[in-house]
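Notes to accompany the following structure.
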Amino acid sequence: MSAAPAKVDEAIAPPARVTFAEAFRFWLKLGFISFGGPAGQIAIMHTELVERRRWISEKRFLHALNYCMLLPGPEAQQLATYIGWLMHRTWGGIVAGALFVLPSLFILIALSWIYLRFGDVPVVAGLFYGIKPAVTALVLHAAHRIGTRALRNAWMWGIAAAAFVAIFAFDTPFPAIVVAAGLIGHFGARRAPAVFALGGGHGNGQQRYGPALIDDDTPTPPHARFSRGRLARLLAVGVGMWALAMGALVATQGLQGTLTQMGWFFTKAALLTFGGAYAVLPYVYQGAVEQHHWLSGAQMIDGLALGETTPGPLIMVVAFVGFVGGWLRQVLGPEALFLGGALAATVVTFFTFLPSFVFILAGGPLVEATHGKLGFTAPLSAITAAVVGVILNLALFFAYHVLWPQGFTGRFDGVSAFIAVAAAVALFRFKVGVMPLLGACALAGLAVTLGRG
């Protein structure tokens, strides 16, 4: 009986060669169905690419995923870029990564315009009234989900607690917390390597689904082999694209122009997104709300709600931040509010995702040469632990704005509290998906709002 699966695997024919056009159609489809955050998006890719289409084996898929998890940036988008690059060279990676993002950008531009143009309409306001408490529960759930993976010992709990105190009590900038945690992991691993060993968050066991196009023993294709010259060229192109875009903004907007400041700020944000979108949101809040005043704290919560309801990486909430900032700052003048907002959203998206493409296209050959040998994970383990404390602070921030909309001196919103608790129970106890949860909470908020009217 135990030999049956192996015989079945041997009987399955290898998949036919995948054309660039066929891959293009799949990546385009993925961009419109990639709901559920990184876990859901990775699950969709595993089902489609490993199990059903067999474009890549389980082992190679997990190897690529482990690399993407070590990088700052959205791991699901980077994984799509990596597989696209492995299959169809540089343009395959660019197409896969771009199509993972572009549908979400266009959808968020449209939703952001509706939000700013019709946000005061009772129906729209009612929907957001119910979604905001749900977002608070989602952020708390994210802290729990990451914490169960990252806080494996007392040292990790201590790092998380220190990060929470640093940002909550002392308003320490998020980059400083990341650097401090990374240094703790780097030096701590020398004395206690077991404490900072990176756990296998996605498992080490592989299941066979039949021969894959890129199988366990498939030789590394020529374009994926490491070359110092290729690495230097790709880094030069990536830095050159950033410099050209930034130079164009400085020339047209000036150093202090809104779009220039957005480009610089979101470049830094892109390099600090260890631990996923929830981890960088406190930094985005500090910069976009408190420092630059591109939008308000309440609008930031609304933007996260929109980001949760659209396909693509959750970090695409930055497109909402850009749109609102471009609209309110009138970057193209008062007669072109929509175009100004759309341009700002596009600028923000470009600077947020450019580093991800560079990391994959330049670093991919190094990864292909190091199956099972990825090192230097101790700093990441410590950073991930610190991220748990930072996200918990973010959950408290959202709860404060949702439950006391006029501040602590104002009234406590009992209905929002009930929706938040119900959403938390649905997430923690019944494992309800994000989309059904947001839909139910939105309808509840609409019913309450219209009932009051």
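The values are calculated or read from the model by the stated rules, or taken from the named source; none is laboratory data. All values reported here derive from a predicted model rather than from experimental measurement. Neighbour counts are summed over all protein chains in view; Cβ atoms, including those assigned to glycine, are modelled from backbone coordinates with ideal geometry. The accessibility values were calculated without ligands, DNA or RNA, using every heavy atom of the protein model including side chains. Shrake-Rupley method; radii C 1.70, N 1.55, O 1.52, S 1.80 Å.
Before I look further, what does the range 43-158 give for accessible area per residue, probe 1.4 Å, in whole square angstrom?
It amounts to 37 Å² per residue over the range 43-158.
Taking the Cα atoms only, what angle lies between the long axis of helix 258-270 and the longest principal axis of the chain, rounded to 10 degrees?
Between helix and principal axis, roughly 50 degrees.
Taking H as built 1.01 Å from N, whose amide H comes closer than 5 Å to the amide H of Leu332, not counting residues under 5 places away?
Amide H to amide H, under 5 Å and 5 or more residues apart or across chains, Leu332 pairs with Gly340.
Calculate one ³J(HN,Hα) per residue across the range 321-329 by plugging θ = phi - 60° into the Karplus curve 6.51 cos²θ - 1.76 cosθ + 1.60, and present them in order as whole Hz with x for glycine and proline.
Whole-Hz 3J(HN,Hα) from phi for the range 321-329: 4, x, 4, 5, x, x, 5, 5, 7.
If you count only protein heavy atoms with a 1.4 Å probe, what accessible area per residue comes out for the range 213-315, rounded to a whole Å²?
Per residue, the range 213-315 has 41 Å² of solvent-accessible surface.
What do the square roots of 5 times the Cα gyration tensor eigenvalues come to for the chain, in whole Å, largest first, as semi-axes of the equivalent ellipsoid?
36, 26, 24
For the chain: lysine pairs with Cα atoms under 30 Å, gap of 8 or more or different chains, count?
9
In whole Hz, with x marking every Gly and Pro, tabulate ³J(HN,Hα) for the range 147-153 from phi via Karplus 6.51 cos²θ - 1.76 cosθ + 1.60, θ = phi - 60°.
x, 5, 8, 8, 8, 8, 7
Using the Karplus equation 6.51 cos²θ - 1.76 cosθ + 1.60 (θ = phi - 60°), what ³J(HN,Hα) coupling, rounded to whole Hz, does each residue of the range 342-355 give in order, writing x for Gly and Pro?
5, 5, 5, 4, 5, 4, 4, 5, 4, 6, 6, 9, 4, x
Checking the a/c ratio against 1.5 first, then a/b against b/c, what shape does the Cα gyration tensor give for the range 305-356?
Verdict is oblate for the range 305-356.
Leaving out ligands, DNA and RNA, what percent of the accessible area of the range 333-453 is carbon and sulfur, probe 1.4 Å?
74
Once the Cα atoms of helix 154-169 and of the chain are each reduced to a long axis, what angle between those two axes, in degrees from 0 to 90 to the nearest 10, is obtained?
Tilt relative to the chain: about 30 degrees.
About the Cα centre of the chain, what is the dipole size in debye to 20, counting +1 per Lys and Arg Cβ and -1 per Asp and Glu Cβ, all else neutral?
Dipole about the Cα centre, nearest 20: 680 debye.
Out of residues 5 or more away from Ile214 or on other chains, whose amide H comes under 5 Å of its own, with H placed 1.01 Å from N in the peptide plane?
It is Ile56, Ser57, by chain and number.
Helix 174-191 versus the longest principal axis of the chain: what angle, 0 to 90°, nearest 10, using Cα atoms?
The angle comes out near 40 degrees.
Got a sec? What order do Trp91, Trp242, Trp294 fall in by accessible area at 1.4 Å, biggest, i.e. largest, first?
The residues order as Trp91, Trp242, Trp294, largest area first.
Under a 1.4 angstrom probe, counting protein chains only, how are Asp302, Asp120, Asp217, Asp171 ranked by accessible area, largest first?
Sorted by accessible area, descending: Asp120, Asp217, Asp171, Asp302.
Set the Förster radius R0 to 56 Å, insert the Cβ-Cβ distance between Ala236 and Ala154 as r into 1/(1 + (r/R0)^6), and round the FRET efficiency to 0.05.
Calculated value: 0.80.
Show that you can apply the helix-only estimate: for the chain, add -39,500 (n - 2.57) for every DSSP H stretch of four or more residues, divide by all residues, and state [θ] at 222 nm to the nearest 500.
Result for the chain: -23500 deg cm²/dmol, rounded to the nearest 500.
Which length gain, in nm to one decimal place, applies between Thr409 and Gln291 when the Cα-Cα distance is subtracted from 0.36 nm times their residue separation?
Extending this stretch completely gives an extra 40.0 nm.
Rounded if a/c is under 1.5, else prolate if a/b is larger than b/c, else oblate: which is the range 85-213, with a ≥ b ≥ c the root eigenvalues of its Cα gyration tensor?
Note, shape of the range 85-213 comes out oblate.
Could you put Ile184, Ile146 in order of accessible surface area, largest first, with the 1.4 Å probe and the full protein assembly present?
Ile184, Ile146
What is the set of long-range amide H partners of Ala197 at a cut-off below 5 Å, with H atoms built 1.01 Å from backbone N?
none
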